[in-house]
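Worksheet: the structure to be examined is printed underneath.
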Amino acid sequence: MIKSNQNINNAIKLIQKIIGNKYIVENNLYHDVFKKIIERLEDKTFKLAVVGEFSSGKSTFLNALIGKDILKHGTQETTATITEIRNEKVEKDRIVFDVIYSNGTTEKNINIDKLKEYTTTFSSLYSVAENIDKVIVKKHFLDYEGELSLIDTPGLNGIADKHREKTEEQIKNSHACIYLMSVRGLGESDIRFLKYISEYQKNIIFIQNFIDELKELEGETPEGKIEEQKKIISKRLFDENSDVNYEITGISAYQALISRDVEMSKGKNLSQSEQEELYKRSNFDTVLNKILELMKKNEREKIQQKDAINVAIYHLKRLNDIYAVRNEFEKKEWELTPEARKTKGYEKIIEILHQNKEKNLENVKNFIEANANDIRRKINRKIEEDLRKVEEEIVEILRNEANNVKNMEKYINEFLKSDIHRKVEDIKISNNNFLNVNFDNLLSDALLVVQDYIGITSQNSQNISSFNTEIKVEMRNFQKDEDNIEKYKKDILLEKARLEQKTREKFIAKNNTTEFVSQLNYAEQTKKQNIQNKNNKIINLGNKPDAETKYRTETYREERSGFWGGIVNFFCGDKIITEKVAYKDYSKQQEWERKRSEIENEFAEKDSKLRSQINYLQSKCDEFRSSIQNIENLEVRKQKEIQEMEKLLNSKKIFLQEAKEKATLEYIGKVIKDIKLQLNNYLFNQDNNIKDIFIDNFEQLNNQNKTEVTRIVIDLYYISFDQRIGALKNLLNDSSENNKTLKTDEIILEINQTINELEEIVCQI
């Protein structure tokens, strides 16, 4: 890796040296070319382009990939410009984006909640496709620490087609491409585009999106759909000899997004287990693993580096050819002695050049005019041929779909307009390229004519501007006959979903019943144990003890009787008598009764709580059992209803199919006839038809290009004339032998050395 980086650094230094040589890159010629090559070599970011027709789910997929719902998505086209998501850590995990406007200005660190206004067709602030060149979102994702960029491109068949060239450029400069397909799979427009991009993009991951929306009632399954697309790819795109590396997998980007975005999961009240289940159903891990694997082992960076250096070598060889011609001419001039130069008549050459200056210039103008007229005739003829071919191709597609009315209607309603749009756009691009090439050749030829008149001239190239036109085709809607059936299908699916929900509720109720029965059994067992413990404690008290007979000493006074008794009482007081008295002691009985009462109270409280718990658990069990029974009754009823609905659906489908088959021949014949007539009018006959628009625009463009080429050549003619006159005068007056060492020799030597060193670096990468 260290050696590879060193090689690239050496290549950059060599190219920078070329840029810095004022004699080589004259008047900034090739300066921008070599500068862009350096930019390509310095860029180490792994780039993954996400491509597909609009409504294929590109933005949803990217949101799922980064784990955050930030790119706007919907059933209509949304993305209207190139959106790059860079794997960068932003302060406090804030998500921001930069905007690069079409005028070259940049606005940085805009809060993500304003993204819609800068990227979608629904912006209230901008005509996004016109005003905004690119949006760069900065967010850390995938727990990937390397330099990584995800590129969201506008829908290939949408109103943002003016970004088509930018989309192609993004794909070309990416390490790999993810191509998303809608529910219908690959269509004709997909195949044409894929054939084109596969010329320079060799790593493609095909994703069949929306596997959760495949209609099981019509026999569509993810496995079957994937197999169907594999056959299309192997048959119509990449055979066994192809050098394109591709894989195909099926996912639900929307399910993956819901499960990966924490806020969306919370919004839908998904538990952790439900999130995991949803993510599993999305099959997102398959594509995620493919991407991570690709980033680890991909050699695209080396290929890009080699390509960039080879481009530099190509342009250096062109420069070398230019200076070789100049060197050869100069050497012939310098080889002559001053005397020979005068003998050759340099004064006469200068005189003749001045005499023929305006005449030769007029000849150059006439040369340009004649060739420009020829280009105009060629492109008018080519436009006619190309548009006839479009007409034939569309009619052929309709005929190929004629065996299935539904497919034809689907094609007419969903894809015909975009197909015509795409084909006409391709013609525009093709003829614009044709015009560019022809005028580039005319420019080169005109410069050679100048060289013939003057001797030596500068080299230049000019990009010819193109035009843009909007194509409008209004088509009838042939989908009404399918609406009721589609609605009925949705009703069936809804009933199945409700049945599935009730089944889940039954499952939960059964689990709850099991849990409550377990708790009830435990409570009853606890109650029995409580009674047993109470009885044991009472037994441990033993029998109630009997009352004990005890004696106590009692003292009392007694008055003596008789005469003498009275005398004694008078003098001594009453007689004091002491005796033992028997009584009953009940204290042990009372203590026993107190302890028994405590035991009874203790276990009475526990028993009361247990009885309440048992009653509650019993009622919940009864409730759940009742709920289960009700759900099971409902299940039986719903299953019967669904069966009846499916029977009715099948009868509706059979009825519709029979009706369609009955009317197919006359209907299809009429449709093809109407479409062909409408298409012919649109392309050739009606007011403001495409052919006339193209011819008018290309006529205008042809004149503009002719004027521009004439201006360039005239400017170069005068410059070259002055250079030639100056060179001849210097040759005429200069007698120094040292001047035989020409600057072009040194330039050619430096260019050749640079080419050799760059070729060695290419071999080492």
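Of a type in the set (Val, Ile, Thr), out of contact with any strand residue (DSSP E or B) (no Cβ under 9 Å at 6 or more places or on another chain) and part of a helix (DSSP H, G or I), is that true of Ile233?
Values: of a type in the set (Val, Ile, Thr): yes; out of contact with any strand residue (DSSP E or B) (no Cβ under 9 Å at 6 or more places or on another chain): no; part of a helix (DSSP H, G or I): yes.
Answer is no for this residue.
So is Val437 under 30 Å from Leu679 (Cβ atoms) and modelled with pLDDT of 75 or more or not? In short, no.
Evaluated against (1) modelled with pLDDT under 80; (2) surrounded by 10 or more Cβ atoms within 10 Å (Cβ to Cβ), Phe563 falls short on exactly one condition, (2).
So is Ala582 in contact with a Phe, Trp or Tyr (Cβ under 9 Å, 6 or more places away or on another chain), of a type outside the set (D, E, K, R) and part of a strand (DSSP E or B) or not?
Numbers: in contact with a Phe, Trp or Tyr (Cβ under 9 Å, 6 or more places away or on another chain): yes; of a type outside the set (D, E, K, R): yes; part of a strand (DSSP E or B): yes.
In short, yes.
When Val473 is tested against (1) at pLDDT below 80; (2) of a type outside the set (Lys, Arg); (3) not assigned by TED's automatic domain parsing to the domain that holds Ile429, only condition (3) is not met. Evaluated against (1) within 30 Å of Lys489 (Cα to Cα); (2) at pLDDT below 85; (3) within 45 Å of the chain's Cα centre (by Cα), Lys640 falls short on exactly one condition, (2). Pairs linking a residue in the stretch 502-528 that is touching a residue at least 12 places away in the same chain (Cβ under 8 Å) to a residue that is hydroxyl-bearing (Ser, Thr, Tyr) and part of a helix (DSSP H, G or I), with Cβ atoms under 6 Å and 6 or more positions apart or on different chains, are Ala509/Ser627.
Would you confirm whether or not the stretch 165-174 contains a residue that is out of contact with any strand residue (DSSP E or B) (no Cβ under 6 Å at 6 or more places or on another chain), farther than 19 Å from Val244 by Cα and at pLDDT below 80? Reasoning before the result, please.
Pass one, the stretch 165-174, residues out of contact with any strand residue (DSSP E or B) (no Cβ under 6 Å at 6 or more places or on another chain): 165, 167-169, 172-173.
Filter once more, so that each one left must be farther than 19 Å from Val244 by Cα: 165, 167.
Retained after the next criterion (residues that are at pLDDT below 80): 165, 167.
So far as the stretch 165-174 goes, yes, one or more of its residues are out of contact with any strand residue (DSSP E or B) (no Cβ under 6 Å at 6 or more places or on another chain), farther than 19 Å from Val244 by Cα and at pLDDT below 80.
Scanning the stretch 133-155 for residues that are surrounded by fewer than 20 Cβ atoms within 10 Å (Cβ to Cβ), in contact with a Ser or Thr (Cβ under 7 Å, 6 or more places away or on another chain) and not in a strand (DSSP E or B) yields one hit, Glu147.
Contact map, the stretch 130-147: residues that are among the aliphatic types (A, V, I, L, M) paired with residues that are modelled with pLDDT under 80 and surrounded by fewer than 20 Cβ atoms within 10 Å (Cβ to Cβ), Cβ distance under 7 Å, separation 6+ or inter-chain. Pairs shown: Ile132/Ser102; Ile132/Tyr126.
Condition (residue is without any contact (Cβ under 8 Å) to a residue 12 or more places away in the chain and either in contact with a Cys (Cβ under 8 Å, 6 or more places away or on another chain) or not in a strand (DSSP E or B) (or both)) applied to the stretch 248-257: is it met by at least one residue?
No; the residues of the stretch 248-257 include none that is without any contact (Cβ under 8 Å) to a residue 12 or more places away in the chain and either in contact with a Cys (Cβ under 8 Å, 6 or more places away or on another chain) or not in a strand (DSSP E or B) (or both).
Screening Lys172 on (1) surrounded by 14 or more Cβ atoms within 10 Å (Cβ to Cβ); (2) under 21 Å from Lys410 (Cα atoms) shows it passes everything except condition (2). Going through (1) under 30 Å from Ser626 (Cβ atoms); (2) not assigned by TED's automatic domain parsing to the domain that holds Glu623 one by one, Glu591 falls short only on (1). Every listed requirement among (1) charged (D, E, K, R); (2) outside any helix (DSSP H, G or I); (3) at pLDDT 75 or above is met by Glu591 save one, (2).
Among the residues examined, Ser735 qualifies as outside any helix (DSSP H, G or I), at pLDDT below 80, over 26 Å from Glu384 (Cα atoms) and not aromatic (Phe, Trp, Tyr).
The values are calculated or read from the model by the stated rules, or taken from the named source; none is laboratory data. What you are looking at is a predicted structure, and each value in this text was computed from that prediction instead of being measured. Using ideal geometry, Cβ is built from the backbone for each residue, glycine included, and neighbour counts are taken over all protein chains shown.
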